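To start, the structure under review is shown below, and the notes come after it.
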Amino acid sequence: MIPYRGEGEFHEGIDAQIAFVLKQAEDGTPIGEVCRKAGISGPMFYNWRKKYAGLMPSEMKRLRKIQEKILKMLHDAAIIGIIFNKE
């Protein structure tokens, strides 16, 4: 089963597990069986495949860190906009 904290947070090592799940499906294991063994839903599998197909675990981690930085910058920009628009 894939350890998941919720709200987009994953435990360490999840990148390798996601890569393993995607590789199993790529190698011909039926998607339903892959999902059942990993303890994930079909929609989660397809989201992972859309987002991470062809990436190595280190690249997945880097992509997630970049996305987190972008979200933080957008949040900070929104706060700055609110502060300056009040005056």
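Only the coordinates and a few stated rules stand behind these numbers; no lab work does. It should be emphasised that the depicted structure is a prediction, and the values quoted were computed from it without experimental measurement. Note that we place each Cβ from the backbone using ideal geometry, even for glycine, and neighbour counts take in every protein chain shown.
Dividing the convex hull volume of the alpha carbon atoms of region 4-85 by its residue count, what do you get in Å³ per residue?
Taking the convex hull of the Cα positions in region 4-85, it is 105 Å³ per residue.
Using the Cβ atoms and a cut-off under 12 Å, what net charge is assigned to the surroundings of residue 54, where Lys and Arg are +1 and Asp and Glu are -1?
On the way: positive: 23, 49, 50, 51; negative: 26, 59.
Surrounding charge for residue 54 is +2.
Give me 46, 52 ranked fewest to most by other Cβ atoms within 10 Å of their Cβ, as a rough exposure proxy.
46, 52
Could you give me the ³J(HN,Hα) list for region 50-66, computed from phi with Karplus coefficients 6.51, -1.76, 1.60 and θ = phi - 60°, whole Hz, x at Gly and Pro?
Karplus values, whole Hz, x for Gly and Pro: 5, 7, 10, 4, x, 9, 7, x, 5, 6, 4, 4, 4, 4, 5, 5, 5.
Charges only on Cβ, +1 for Lys and Arg, -1 for Asp and Glu: so what's the dipole of region 4-85 about the Cα centre, in debye to the nearest 20?
80
Cut-off under 21 Å on the C-alpha distance; same-chain residues fewer than 8 positions from residue 72 excluded. Which lysines are left, in chain and number order?
Filter leaves 51, 61.
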